[in-house]
Structures are given as structure tokens and as C-alpha cells.
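The values are calculated or read from the model by the stated rules, or taken from the named source; none is laboratory data. In this text the structure is predicted, and so the values were computed from the model without any measurement. Because the Cβ atoms are built from the backbone with ideal geometry, glycine has one as well, and the counts that use them run over all protein chains shown.
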Amino acid sequence: MTKDEVMKALESYGNPSTVKIFQKHGLRGDAFGVKVADLKILQKKIKKDHQLSLDLYDTKNGDAMYLAGLIADENMMTKKDLKKWAKHSEWQMISEYTVPWIASESHHGMDLALEWIESSEEKISSCGWSTLSSLASIKNDEELNLAEYDKLLQRVEKEIHSAPNRTRYAMNGFVIAVGSYIESLSAKARKVATAIGKVEVFTGETACKVPFAPDYIQKVVDKGRLGKKRKQARC
């Protein structure tokens, strides 16, 4: 499919009511209001298409940017591509999901994550912490720098409550990811989760709640899912 064909298809799936929901969840800019289930229909038709994913992302349409992540070829994504995606991610569905998913599946995930978490821009730093979470969820423990993850847990404990709003959300998610996916650091993550306690995040005009990390990790343990990795980050 060409970019124009995809944009027409997205428009046909769009719903103004869904746009309003997206806006309550932080959408800024254009979108048709396409549900993820309908994006998956297009994903199955297209499969992976590197250039098309770049072209769709460049439209700055929220639906097209999300679809771009679903069809991106992680092996062809360069650092330049990913930095550009992070820079232009104005909606948390993109900055905390789409970009981190593809960054973590690419060859540049850890390097970019460590760079991004140092950014003074909320969308970039939250993207970095979310990328670290995605890496924990898909990489075997021997592929991860566990000493670095240990240090990052300590950093979260010290900094989370003074971090920017969405960065706090992503940091909390990082503690949950480490506690759930990295068995050797799970006990440490649970101690950190208990120490930081409830994390306050403004989620706009939504009923969204910030997961309470100690309870979330414990549920993973109780279900026998501790250390069970995902096949891929994107979903």
C-alpha cells in the first residue's frame, strides 16, 4: 500500500468520538480516531515496510504514527530515525509506547535509552525510561546490563517524586518492568517500589490510575509469570 492509500484507509476507519477520547489522553494535533483493532487490520495487510513507516510517521497524524510503529522494520531503523521519532512524539501513546517499542527491538535501544533519560524534555526522558522497560521485557537477562539496571533502580528511588509528570509515570513503569521481567533484580525492584510508594501523576480528564508497583509485581509473581519474556515489545 502507498502512503496515500493508507491515509485514505485510516480516514475511513476514523471516528470523531474516538478522537475526543484520544484528546483526553493527551493527543495534540491531527488524528482520525482509529481504534487499535482497526490499525491491526492494516498492519496484517502491510506487514513490515520501512519506508512506508517513515512516511506515515512524517504525516504527524496520530493514527498514522501509531501504525508506523506497528509496521516498522526494526532492523532498518537507524539512530537518526529513532531520534527523529522521539523528537516529534507529541502524544504519550507515541512517546511512551510506539517509539520505545521500536527502539528496544532495534540495534540501538540501550544506547538511546540511556541518552534519552538524561533529557530535560519530558517526552524524551519518559521515552527513555519506557525504552528501558521494553528492553527488560524482551531481552534475555544475559543480554541486559544488569549492573546498569540495578543503578537505575536506585536512581528512580531518589528522583521519581521530583521528576516531570509523564517521566514519573514511565519511571514507575520501569520499576514494574524490572520487578516483573528480570528475576535476579525482582526483589530489589520490590524494595524500591515499596520505598517510593504511591506515585502521583496527572492523567488529564481520564479515569486512568497509576499502577501501584508493589501490588503489580506481586500479582506477576503470584501468577507464576516472573521472568517470562515477551516475544516482541510492540503490540
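With respect to being at pLDDT 95 or above and buried (at least 16 other Cβ atoms within 10 Å of the Cβ), Leu146 falls outside the description. Look at the stretch 206-229: where a residue is over 14 Å from Val192 (Cβ atoms) and touching a residue at least 60 places away in the same chain (Cβ under 8 Å) and a partner is β-branched (Val, Ile, Thr) and surrounded by 15 or more Cβ atoms within 10 Å (Cβ to Cβ), sitting 6+ places away or on another chain with Cβ atoms under 7 Å, you get Lys229/Ile138.
Residue-level analysis places Ala68 among those that are surrounded by 17 or more Cβ atoms within 10 Å (Cβ to Cβ) and at pLDDT 95 or above. Within the stretch 116-129, residues that are assigned by TED's automatic domain parsing to the domain that holds Met171 have Cβ atoms under 6 Å from residues that are in a loop (DSSP other than H, G, I, E, B) and buried (at least 22 other Cβ atoms within 10 Å of the Cβ) in these pairs: Lys123/Ser89; Ser125/Ile117; Gly128/Ile117; Trp129/Ile117, counting only partners at least 6 apart in sequence or on another chain.
For the stretch 93-124, give me each residue that is in a loop (DSSP other than H, G, I, E, B) and among the aromatic types (Phe, Trp, Tyr).
none
Restricting attention to the stretch 185-213, the residues that are surrounded by 16 or more Cβ atoms within 10 Å (Cβ to Cβ) and of a type in the set (D, E, K, R) total 2.
For the stretch 214-230, the criterion of being modelled with pLDDT of 95 or more, exposed (fewer than 14 other Cβ atoms within 10 Å of the Cβ) and within 16 Å of Ala113 (Cα to Cα) is met by no residue.
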